[in-house]
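Sharing a structure here in structure tokens format.
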Amino acid sequence: MQEVQDVTAVIRDNVEWTKEQETAAKKKVLENSQPLPPEKQEEYDSRANEFWNNFYTIHENRFFKDRHWLFTEFPELAPQCGLNHESHPDVSGTDDDQQDSLDQVKSREVAAPPDTDGDFPGSSATYRILEVGCGVGNTVFPILKTNNDPGLFVYCCDFSSTAVELVKTNPEYDPGRCFAFVHDLSDVEATYSVPDGTLDVIVLIFVLSALHPNKMKASIIRLARLLKPGGVMLLRDYGRYDMAQLRFKKGRCLSENFYVRGDGTRVYFFTQDELHELFTESGLEKVQNLVDRRLQVNRGKQLTMYRVWIQCKYRKALVQPPETED
């Protein structure tokens, strides 16, 4: 899925907005919030696959940069060799870090894969990661290169068959450690290439925002079924009043905080509360939900930009509540 490219320099992280800035941002959004006619919105929805395939055909792997922040922000993607039955993690670090690591140990010990016929890709793995909306592999390949856990298996899927083909033809694609497949996140009836209850980590990086808002909740509920008890869902996506939202002109709004780009792809801008509601209504527990506001500068274009991203981690409970009869 689409993601902003790196800029020339980062001026300041964790920027606090003034009331004046926030008021100006709200005014800008309101000015350009007149939605397109329903028939035009339906066209963008029905042709979404075409638009994404065209996007990857044009850009291939030139549009993206490696996500060097991955393992700092999401250590769950880093090597997990120490997290097994015989050795618990080092007790250094914060209490929260210790608890997260111990929960990962328990996830491995307690949540063995459910009854399966054992013929799915990665069935013998002890640590399974799925990235949804993998694009051309800018998360998958850094994981495979960095994470030397012999029990690791990485799954990746994308709405675009063009993107998945680019992943499979990448020289770093290793079918022994990775499986790429085409999948529509919004189609909750479609079957995933991995059984329910078998994943340790699901990654959503700038992908949920590409769905129609009406389809987000059901999609997250379906994904949550794939997680083992103790498994986590990791998300990084666009926050409300990000520079990209403020730059949309009139005639690009589909619905409130939901827009279509010039290439036909769509994007939603979240609040923390919206994402918290989506995850908790899917039966997941909050580990992290934060706003990352950054002041960036592109020296080449002499542009100063305020970026707003939201980062979340939500966990499936180790002990699942009993099902109640209707």
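Restricting the stretch 159-169 to residues that are free of Cβ contacts under 8 Å to residues at least 40 places away in the same chain and of a type outside the set (Ser, Thr, Tyr), which is nearest to Ala48 (Cα to Cα)?
Applying the filter and picking the extreme gives Val164.
Would you please name the residue that is farthest from Asp196 (Cα to Cα), looking only at residues in the stretch 145-161 that are of a type outside the set (D, E, K, R) and surrounded by fewer than 20 Cβ atoms within 10 Å (Cβ to Cβ)?
If we filter the stretch 145-161 for residues that are of a type outside the set (D, E, K, R), which is where we start, we get 146-148, 150-157, 159-161.
Now narrow it down to the ones that are surrounded by fewer than 20 Cβ atoms within 10 Å (Cβ to Cβ): 146-148, 150-151, 161.
Details: Thr146: 27, Asn147: 24, Asn148: 25, Pro150: 22, Gly151: 19, Ser161: 23 Å.
The selected residue is Thr146.
If Met305 satisfies all but one of (1) surrounded by fewer than 18 Cβ atoms within 10 Å (Cβ to Cβ); (2) modelled with pLDDT under 85, what's the number of the condition it fails?
Just one mismatch for Met305, condition (1).
Going by the structure shown, is Leu290 of a type in the set (A, V, I, L, M), modelled with pLDDT of 90 or more and within 25 Å of Asp200 (Cα to Cα)?
yes
Which members of the stretch 155-197 meet the condition of being in a loop (DSSP other than H, G, I, E, B), hydroxyl-bearing (Ser, Thr, Tyr) and farther than 21 Å from Gly264 by Cα?
Hits for the stretch 155-197 are Thr169, Tyr173, Thr191, Tyr192, Ser193.
Looking at the stretch 269-278, is at least one residue at pLDDT 95 or above, under 30 Å from Thr126 (Cα atoms) and among the charged types (D, E, K, R)?
Within the stretch 269-278, none of the residues are at pLDDT 95 or above, under 30 Å from Thr126 (Cα atoms) and among the charged types (D, E, K, R).
When you go through Val167, Val194, Val201, Val232 one by one, which is the residue that is modelled with pLDDT under 95, under 23 Å from Trp69 (Cβ atoms), buried (at least 18 other Cβ atoms within 10 Å of the Cβ) and not charged (D, E, K, R)? First the steps, then the outcome.
Working: Val194 fails: under 23 Å from Trp69 (Cβ atoms); Val201 fails: modelled with pLDDT under 95; Val232 fails: modelled with pLDDT under 95.
Going through Val167, Val194, Val201, Val232 in turn, just one is modelled with pLDDT under 95, under 23 Å from Trp69 (Cβ atoms), buried (at least 18 other Cβ atoms within 10 Å of the Cβ) and not charged (D, E, K, R): Val167.
A follow-up question, please. Only one residue in Phe269, Phe206 is closer than 13 Å to Trp309 by Cβ and within 13 Å of the chain's Cα centre (by Cα), so which one is that?
Phe206
Would it be correct to say that Met216 is in a strand (DSSP E or B) and aliphatic (A, V, I, L, M)?
no
Scan the stretch 13-55 for residues that are under 27 Å from the mean Cα position of the chain (by Cα), over 26 Å from Val308 (Cβ atoms) and outside any loop (DSSP other than H, G, I, E, B) and jot them down.
Once the filter is applied, which keeps residues that are under 27 Å from the mean Cα position of the chain (by Cα), over 26 Å from Val308 (Cβ atoms) and outside any loop (DSSP other than H, G, I, E, B), the stretch 13-55 yields Glu42, Glu43, Ser46, Asn49, Glu50, Asn53, Asn54.
Among the residues in the stretch 242-262, are any free of Cβ contacts under 8 Å to residues at least 40 places away in the same chain, farther than 26 Å from Gln288 by Cβ, touching a strand residue (DSSP E or B) at 6+ places or on another chain (Cβ under 7 Å) and among the hydroxyl-bearing types (Ser, Thr, Tyr)?
yes
What's the number of the only condition in (1) crowded, with 18+ Cβ neighbours inside 10 Å; (2) closer than 19 Å to Tyr44 by Cα that Leu227 fails to meet?
Checking Leu227 against (1) crowded, with 18+ Cβ neighbours inside 10 Å; (2) closer than 19 Å to Tyr44 by Cα, the one that fails is (2).
Among the residues of the stretch 260-271, is there at least one that is acidic (Asp, Glu) and surrounded by 15 or more Cβ atoms within 10 Å (Cβ to Cβ)? Full working, then the answer.
From the stretch 260-271, those acidic (Asp, Glu) are 263; that's our starting set.
Keeping just the survivors that are surrounded by 15 or more Cβ atoms within 10 Å (Cβ to Cβ) gives none.
Among the residues of the stretch 260-271, not one is acidic (Asp, Glu) and surrounded by 15 or more Cβ atoms within 10 Å (Cβ to Cβ), which makes the answer no.
Criterion first (among the charged types (D, E, K, R) and outside any loop (DSSP other than H, G, I, E, B)) does Asp200 satisfy it?
In short, yes.
Quick one: Glu256 ticks every box in (1) surrounded by 21 or more Cβ atoms within 10 Å (Cβ to Cβ); (2) touching a Ser or Thr at 6+ places or on another chain (Cβ under 7 Å) except a single one, so which number is it?
Among (1) surrounded by 21 or more Cβ atoms within 10 Å (Cβ to Cβ); (2) touching a Ser or Thr at 6+ places or on another chain (Cβ under 7 Å), Glu256 violates only (1).
The values are calculated or read from the model by the stated rules, or taken from the named source; none is laboratory data. Remember, it's a predicted structure, so these values are computed and weren't measured experimentally. Here Cβ is always computed from backbone atoms with ideal geometry, including for glycine, and neighbour counts include all displayed protein chains.
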